[in-house]
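Shown next, in structure tokens, is the structure this report addresses.
The values are calculated or read from the model by the stated rules, or taken from the named source; none is laboratory data. Because the structure is a prediction, the values reported are computed rather than measured. Quick reminder, even Gly has a Cβ in these numbers, built from the backbone with ideal geometry, and neighbours come from all protein chains shown.
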Amino acid sequence: MRTQVAIIGAGPSGLLLGQLLHQAGIANVIVERQSGAYVLGRIRAGILEQVTVDLMAEAGVGARVQREGIAHHSIELVFQGTRHSIDVHGLTGGKQVTAYGQTELTHDLMEARAAAGLETVYEAADVAVQGFDGERPQVRFKGKDGREQVLQCDFIAGCDGFHGVCRASVPRRALREYEKVYPFGWLGVLADVPPVSPHAIVYGNSERGFSLCSMRSMTRSRYYVQTAMDDKVEAWSDQRFWDELRRRLDPELADRVVTGPSIEKSIAPLRSFVAEPMRFGRLFLAGDAAHIVPPTGAKGLNLAASDVKYLSSALIEHYREHSDAGLDQYSARALARVWKAERFSWWLTSLMHRFPDTGDFGQRLQDAELGYLVGSRAAATALAENYVGLPL
Ligand code: RFL
Ligand code: PHB
């Protein structure tokens with residue numbers, strides 16, 4: 001088998017890259033470890049920056065998000081039992097974010113890929129990336145039938161997430177990793193009930209810990225509460241979850257929460273991570289393969305999209321104009337945006353969660369910062385411009 005760009009991973013990064021390259025006439029094959037159904041079943045992100053929505057349109061999959069995505073013009077912060085609204089739209093000169101599930105985005109991209117007849121190898125086993133430090137990179141894997149396959153290519157795009165094979169195949173000495181693990185997790189529940197706050201995500205900081213009210217549609221809600229790191233999903237009945245969520249919100253909002261059976265419930269650890277650089281010869285990392293943010297700022301999927309924008313433009317420049325300037329700048333360009341989002345996600349996580357070792361002094365500082373944020377236009381503007389996403 002031969003292609004121009006071999007893409008490892010059919011998550012949002014890989015699918016979006018494949019579609020943008022295809023639009024530019026660049027051949028690509030995606031090699032994915034899981035089945036398509038498994039990839040679609042993962043419940044993750046829900047908030048898209050305008051940059052991401054625009055990129056979906058550029059990739060030819062913008063119609064449904066345009067139609068069904070729900071615009072959010074503000075966010076709400078609950079602390080000390082009171083809710084405050086931050087007018088993100090007004091503070092950023094008219095920018096907004098869009099509520100649209102990662103599952104929907106993935107579905108749109110998969111459908112477009114199938115319609116274009118592009119090759120995706122699902123359920124590939126023992127995927128190995130080789131020769132990327134030379135002129136002839138290749139990908140080896142076992143197909144569903146157990147037969148070994150070799151895919152020759154010009155470039156490999158490592159879009160295979162945090163636990164993927166691409167970053168792990170780079171020699172240790174060529175890589176520098178930065179990591180921070182937070183001492184808690186998020187318990188998330190998806191339920192077919194109307195969202196308590198359909199036009200603004202609610203971020204709560206209470207004595208009992210962080211909470212988040214989000215949504216997937218007008219009939220499907222996504223809620224989270226901060227849990228201890230070693231907490232187990234089995235310890236959380238639906239009733240316990242709803243009770244805990246309500247106790248972390250202001251009384252008026254708590255009263256409005258509509259409960260129902262969970263259709264998904266899981267605990268995610270919180271981590272900040274960056275690997276530098278994002279390019280090794282003919283291997284380019286994009287999305288979670290290169291960096292992780294805690295979900296507090298809703299930046300993970302959006303960073304994957306901006307990496308893909310930089311990478312697809314650079315590859316298009318390579319094939320159309322025979323210039324490698326974009327490829328040479330890829331890592332530095334992507335990392336500049338990544339680190340700003342890392343800072344924002346770390347900051348919002350620090351501001352909104354209860355840490356086991358904060359102490360009284362630290363708690364007073366957190367209270368003061370929250371007060372400053374909702375009392376100062378300058379402070380609220382800094383939050384708003386990061387929340388809607390910094391320019392590419
Ligand atoms: P993915 O989605 O992990 O996809 C990687 C794909 O690679 C495959 N793979 C392999 N394939 C072949 N060979 C191998 N050896 C392979 N190893 C792995 C995997 O099966 C998978 O299909 O990475 P990608 O594409 O970079 O996309 C990143 C996003 O998924 C991620 O950043 C977001 O989900 C993060 N995130 C959020 N981001 C936002 O922008 N807004 C949000 O509101 C938001 N909320 C969240 C989130 C992540 C969460 N969790 C559970 C981590 C909320 C949560 C709870
Ligand atoms: C979500 O809807 O899953 C979501 C929303 C906002 C966040 C994180 C996750 O900050």
What do you reckon, is Y178 more than 22 Å from S266 (Cβ to Cβ) and away from ligand 1 (no atom under 11 Å from the Cβ)? yes
Somewhere in segment 237-244, is a residue surrounded by 14 or more Cβ atoms within 10 Å (Cβ to Cβ) and hydroxyl-bearing (S, T, Y)? no
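To keep it simple, each residue is scored yes or no on (1) within 29 Å of R343 (Cα to Cα); (2) part of a helix (DSSP H, G or I); (3) not small (G, A, S).
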site: M229; (1), (2), (3): yes, no, yes
site: R240; (1), (2), (3): no, yes, yes
site: L253; (1), (2), (3): no, yes, yes
site: F273; (1), (2), (3): yes, no, yes
site: D288; (1), (2), (3): yes, yes, yes
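Is it the case that Q66 is near ligand 1 (Cβ under 9 Å from one of its atoms), surrounded by fewer than 17 Cβ atoms within 10 Å (Cβ to Cβ), within 30 Å of I316 (Cα to Cα) and not aromatic (F, W, Y)?
Values: near ligand 1 (Cβ under 9 Å from one of its atoms): no; surrounded by fewer than 17 Cβ atoms within 10 Å (Cβ to Cβ): yes; within 30 Å of I316 (Cα to Cα): yes; not aromatic (F, W, Y): yes.
Answer is no for this residue.
When residues of segment 292-309 are filtered for being of a type outside the set (D, E, K, R) and more than 16 Å from ligand 2 (Cβ to nearest atom), how many remain? Don't jump to the end; show me each part of the working.
Initially, segment 292-309 is screened for residues of a type outside the set (D, E, K, R), giving 292-298, 300-306, 308.
Now drop any that are not more than 16 Å from ligand 2 (Cβ to nearest atom), which leaves 306, 308.
The qualifying residues number 2.
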Tell me which residues, restricted to segment 81-101, are surrounded by fewer than 20 Cβ atoms within 10 Å (Cβ to Cβ), more than 19 Å from the chain's Cα centre (by Cα) and assigned to a strand (DSSP E or B). T82, R83, H84, S85
All conditions in (1) touching an Asp or Glu at 6+ places or on another chain (Cβ under 7 Å); (2) away from ligand 2 (no atom under 15 Å from the Cβ) are true of S74 except (2)
What residue, among those in segment 135-148 that are closer than 20 Å to N28 by Cβ and over 31 Å from the mean Cα position of the chain (by Cα), is surrounded by the most Cβ atoms within 10 Å (Cβ to Cβ)? R136
Within segment 332-349, the count of residues that are surrounded by 17 or more Cβ atoms within 10 Å (Cβ to Cβ) and more than 16 Å from ligand 1 (Cβ to nearest atom) comes to 1
Selection count, segment 28-63, where residues are near ligand 1 (Cβ under 8 Å from one of its atoms) and of a type in the set (A, V, I, L, M): 6
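When the residues of segment 281-320 are filtered to those that are β-branched (V, I, T) and more than 19 Å from I26 (Cβ to Cβ), which remaining residue is surrounded by the most Cβ atoms within 10 Å (Cβ to Cβ)? Break it down into steps so the answer makes sense when it comes.
Our first condition is that a residue be β-branched (V, I, T); within segment 281-320, this holds for 292-293, 296, 308, 316.
From what's left, more than 19 Å from I26 (Cβ to Cβ): 292-293, 296.
Numbers: I292: 23, V293: 26, T296: 23.
Per the stated criteria, the residue is V293.
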K232 fails exactly one of the following numbered conditions: (1) exposed (fewer than 14 other Cβ atoms within 10 Å of the Cβ); (2) in contact with a helix residue (DSSP H, G or I) (Cβ under 7 Å, 6 or more places away or on another chain). What is the number of that condition? (2)
Could you list all residues from segment 200-222 that are more than 9 Å from ligand 2 (Cβ to nearest atom), over 20 Å from Q366 (Cα atoms) and among the β-branched types (V, I, T)? T219
Would you be able to tell me the number of residues in segment 93-127 that are within 13 Å of ligand 1 (Cβ to nearest atom) and in contact (Cβ under 8 Å) with a residue 24 or more places away in the chain? 19
Report whether or not L370 is within 21 Å of V388 (Cβ to Cβ), within 16 Å of ligand 2 (Cβ to nearest atom) and modelled with pLDDT of 95 or more. no
